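**Student:** My structure is below; once you've seen it, I'll send some questions.
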Amino acid sequence: MLKRWWYKWSLHQKAFFVGLVFTFFVAVSAALVSYQMYSRTMDRYYRTLSENVAQTAISILDAEQVEEYTEQVTDIYLENPAPEFADEEEEAAYLRQYDFIWDETYEQMFETLEKIKTANNVLSLYIIHVDSASKTCVYIVDGDPTENACLPGTWDIIYEQNYGIFENPEQGFPTYITNTEEFGWLCTTGVPVFNADGEVIAYVMVDISMDSMMRQRYVYMAWMCVIICGVALIMLMFFLYMVKVTLERPVNALANAALSFIEDREDREKRGAGGSLLEELHVHTGDELEYLADSMKQMAKDINLFIDNLAAVTAEKERIGAELDIATHIQAAMLPCIFPAFPDRKEFDLFASMNPAKEVGGDFYDLFMVDERHLAIVIADVSGKGVPAALFMVIGKTLIKDHTQPGVNLGDVFYSINNILCESNSEELFITAFEGVLDLVTGEFTYVNAGHDMPFICRGDSGFEPYKTKPCFVLAGMEDISYHEGRTLLSPGDKVFLYTDGVPEATNAAEEMYGLERMQRILNENREATPEVLLPIVRKDVERFVAGAPQFDDITMLCLEYREAMKLDDDSGNARISG
């Protein structure tokens, strides 16, 4: 409950609560400590006083007389141990047997005790003998002249907490403080009296009333509480004032300035000049709050500058985004995207797709007729991504199409293209590319591989298998590199599948790659499908594998199906379009 209230309280309420609790504990602690110190001091004073009175009495009394009267009393007590009296007459009869002791010397000893008692204002001053057998103390002489005095032979039990007197009689009764209904608060001590042989013969006992002192102690405690509470209240008020001046006002100023920061900015934009309330804030406390205020003022300036720059950057980004969007459409328009690409040709079927990782990609593909009987297909991957790769892709695509001519060896085509790209490659980009040319009449498939992934070829019903080629060096990597043309023969019904590394290297959240094995499996499961159907199936399988993980590379695929041989014109010997 307190925690819920605490978060709803203001800083002033929290400061008041903390100050009140702290003040309360300080006041209570101060009162308790003061009371304990006062009590200990007074207890020590009364203990010292009682011991001094007892020592004074011992120094004045004659130890031989004390020993003589002690022997007389104890002899009678031991011969006639005190019984449990049935009434006062029986007790009086018991005490009368000690009347002979009251001689002149005993009277002097009594008067001496009385004078010491009166002079030191003690409640009781008397001499006793301790009987260890019956665990009782027998009064020898009591310096009390009133009727409350204990006559010689009067006995009383020794309480268990004082049994130490039997083991160490020479140490006497330790000074102790008690509170009884009959006598109230008493400080009692017993000092041993020694004879000439050093033996304990009796004890001088002193009782000092502490009732008045205890009343003074309570009064002291009351006044101390009043004084401490008053001082604590003043301290609390001073604490709250200091908190308000040094903490609440600066913090509230900071809070108000922070809350009005956006409004101040909007007003400043309307009026066109001037600083915000936060920037014009003045806090001079000479401590961390002033440092915080200066930091917030600097932060406000930085934020305003950042917002101004952000607005400019956002506008520039929107412009670049719009241009990138246009570039995306331009790039897409540069790639053959209308299928079937050659609807009047029945000898083959083609389909291709590209999914860039960014707005524009570095992958590209192309398909074009070199002449009436030769079909060229190209797939390539430019190192890097984004706009630089896209621009380099445009150059590479244009050069490949322009240099692919009837009867020209594909190795020579890539040799020329490589040297041209190396001349203007300041960004040190390169291209992996695969170009193949299909003779529609004979089914001969010539190709050149510039560091690209090997194609997969499906021959009849045997399924897709990787077709190992001898890859040459990448394009734009080094001048005067030789490229070798390869050849293979396709039969009607065969398919050629080309792809970039974005397909096998597609990665899921567990950082596992899609791989060539998965790609070959999905190709073979759908080997009967047409290119237009097969490529979307592979794409969906890749998406299922990555399960929403980010796409880090462009994904480009191309599939060519050789359906039937092109027929030649019987009269001229020239190729003619079938159908």
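The values are calculated or read from the model by the stated rules, or taken from the named source; none is laboratory data. From a predicted model like this one, the values you see are computed outputs, not experimental measurements. Here Cβ is always computed from backbone atoms with ideal geometry, including for glycine, and neighbour counts include all displayed protein chains. These area figures cover heavy atoms from the full protein model, side chains too; ligands, DNA and RNA do not enter into them. Shrake-Rupley method; radii C 1.70, N 1.55, O 1.52, S 1.80 Å.
**Student:** In segment 452-471, is there at least one residue being at pLDDT below 95 and part of a strand (DSSP E or B)?
**Tutor:** No - not one qualifying residue is present in segment 452-471.
**Student:** Right, another one. Which residue, of Glu89, Glu107, is open to solvent by less than 80 Å² (accessible area, probe 1.4 Å), in a helix (DSSP H, G or I) and without any contact (Cβ under 8 Å) to a residue 40 or more places away in the chain? Talk me through it step by step, then tell me what you get.
**Tutor:** Working: Glu89 fails: open to solvent by less than 80 Å² (accessible area, probe 1.4 Å).
It is Glu107.
Listed here are the residues, each with its yes/no results for (1) of a type in the set (Gly, Ala, Ser); (2) under 16 Å from Ser124 (Cα atoms); (3) out of contact with any Phe, Trp or Tyr (no Cβ under 9 Å at 6 or more places or on another chain).
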{"position": "Gly164", "(1), (2), (3)": "yes, no, no"}
{"position": "Glu167", "(1), (2), (3)": "no, no, yes"}
{"position": "Glu181", "(1), (2), (3)": "no, no, yes"}
{"position": "Thr188", "(1), (2), (3)": "no, yes, no"}
{"position": "Val191", "(1), (2), (3)": "no, yes, no"}
{"position": "Gly198", "(1), (2), (3)": "yes, no, yes"}
{"position": "Tyr203", "(1), (2), (3)": "no, yes, no"}
{"position": "Asp207", "(1), (2), (3)": "no, yes, no"}
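**Student:** Which count do you get for residues in segment 482-529 that are on the phi < 0 side of the Ramachandran plot, in a helix (DSSP H, G or I) and not charged (D, E, K, R)?
**Tutor:** Kept after step one, since they are on the phi < 0 side of the Ramachandran plot, are these residues of segment 482-529: 482-492, 494-510, 512-514, 516-529.
Next, from what is left, pick out any that are in a helix (DSSP H, G or I): 516-525.
Narrowing the set further to residues that are not charged (D, E, K, R) leaves 516, 519-520, 522-524.
Residues flagged as on the phi < 0 side of the Ramachandran plot, in a helix (DSSP H, G or I) and not charged (D, E, K, R) within segment 482-529 amount to 6.
**Student:** Related question: Considering only segment 475-516, how many residues are open to solvent by 50 Å² or more (accessible area, probe 1.4 Å), in contact (Cβ under 8 Å) with a residue 40 or more places away in the chain and under 41 Å from the mean Cα position of the chain (by Cα)?
**Tutor:** The qualifying residues number 2.
**Student:** Determine, yes or no, whether Lys115 is out of contact with any Ser or Thr (no Cβ under 9 Å at 6 or more places or on another chain) and under 23 Å from Asn195 (Cα atoms).
**Tutor:** On the way: out of contact with any Ser or Thr (no Cβ under 9 Å at 6 or more places or on another chain): yes; under 23 Å from Asn195 (Cα atoms): no.
Judged against the criteria, Lys115 is not a match.
**Student:** Looking at this structure, is Glu479 within 17 Å of Arg544 (Cβ to Cβ) and acidic (Asp, Glu)? Walk me through it before giving the result.
**Tutor:** Numbers: within 17 Å of Arg544 (Cβ to Cβ): no; acidic (Asp, Glu): yes.
No.
**Student:** Next question, about the same structure. Just to be sure I understand, how many residues within segment 546-579 are open to solvent by less than 20 Å² (accessible area, probe 1.4 Å) and at pLDDT below 85?
**Tutor:** 1
**Student:** Would you pick out the residues in segment 418-440 that are surrounded by fewer than 16 Cβ atoms within 10 Å (Cβ to Cβ) and either in a loop (DSSP other than H, G, I, E, B) or among the aliphatic types (A, V, I, L, M) (or both)?
**Tutor:** If we filter segment 418-440 for residues that are surrounded by fewer than 16 Cβ atoms within 10 Å (Cβ to Cβ), which is where we start, we get 419, 423-424, 426-428.
Scanning segment 418-440 gives Ser424, Ser426, Glu427, Glu428.
**Student:** Among what's in segment 28-73 and is part of a helix (DSSP H, G or I) and among the acidic types (Asp, Glu), pick the residue that is surrounded by the fewest Cβ atoms within 10 Å (Cβ to Cβ). Don't jump to the end; show me each part of the working.
**Tutor:** Within segment 28-73, the subset part of a helix (DSSP H, G or I) is 28-60, 63-73.
Of the ones still in play, those that are also among the acidic types (Asp, Glu) are 43, 51, 64, 67-68, 71.
On the way: Asp43: 16, Glu51: 17, Glu64: 11, Glu67: 19, Glu68: 15, Glu71: 14.
Checking each candidate, the answer is Glu64.
**Student:** Which condition number in (1) under 23 Å from Tyr220 (Cα atoms); (2) out of contact with any strand residue (DSSP E or B) (no Cβ under 7 Å at 6 or more places or on another chain); (3) modelled with pLDDT of 80 or more is the one that Tyr35 fails?
**Tutor:** (3)
**Student:** Additional query: Please indicate, with yes or no, whether at least one residue in segment 201-215 is in contact with a Pro (Cβ under 7 Å, 6 or more places away or on another chain) and open to solvent by less than 80 Å² (accessible area, probe 1.4 Å).
**Tutor:** Taking segment 201-215 as the starting set, the residues that turn out to be in contact with a Pro (Cβ under 7 Å, 6 or more places away or on another chain) are 203.
If we keep only those that are open to solvent by less than 80 Å² (accessible area, probe 1.4 Å) too, we end up with 203.
Looking through segment 201-215, at least one residue is in contact with a Pro (Cβ under 7 Å, 6 or more places away or on another chain) and open to solvent by less than 80 Å² (accessible area, probe 1.4 Å).
**Student:** Could you list, in sequence order, the residues of segment 131-190 that are open to solvent by 40 Å² or more (accessible area, probe 1.4 Å), under 15 Å from Met205 (Cα atoms) and in a helix (DSSP H, G or I)?
**Tutor:** Across segment 131-190, the qualifying residues are Pro169, Glu170, Gln171.
**Student:** Conditions first: (1) of a type in the set (D, E, K, R); (2) at pLDDT below 80; (3) farther than 17 Å from Cys150 by Cβ. Glu91 passes all but one, so which condition is the exception?
**Tutor:** (3)
**Student:** Considering every residue within segment 57-73, establish whether at least one is without any contact (Cβ under 8 Å) to a residue 40 or more places away in the chain and among the polar types (S, T, N, Q).
**Tutor:** Yes: one or more hits.
**Student:** Sticking with this structure for a sec: Could you grab me the full set of residues in segment 446-473 that are surrounded by 15 or more Cβ atoms within 10 Å (Cβ to Cβ) and of a type in the set (Lys, Arg)?
**Tutor:** Within segment 446-473, just Arg459 meets the criteria.
**Student:** Kindly indicate the residue of segment 517-533 that is within 30 Å of Val387 (Cα to Cα) and crowded, with 20+ Cβ neighbours inside 10 Å and also nearest to the chain's Cα centre (by Cα) among those meeting that condition.
**Tutor:** Residues of segment 517-533 that are within 30 Å of Val387 (Cα to Cα), as a first pass: 519, 531-532.
Still in the running and crowded, with 20+ Cβ neighbours inside 10 Å: 519, 531.
Values: Met519: 46, Pro531: 57 Å.
Result: Met519.
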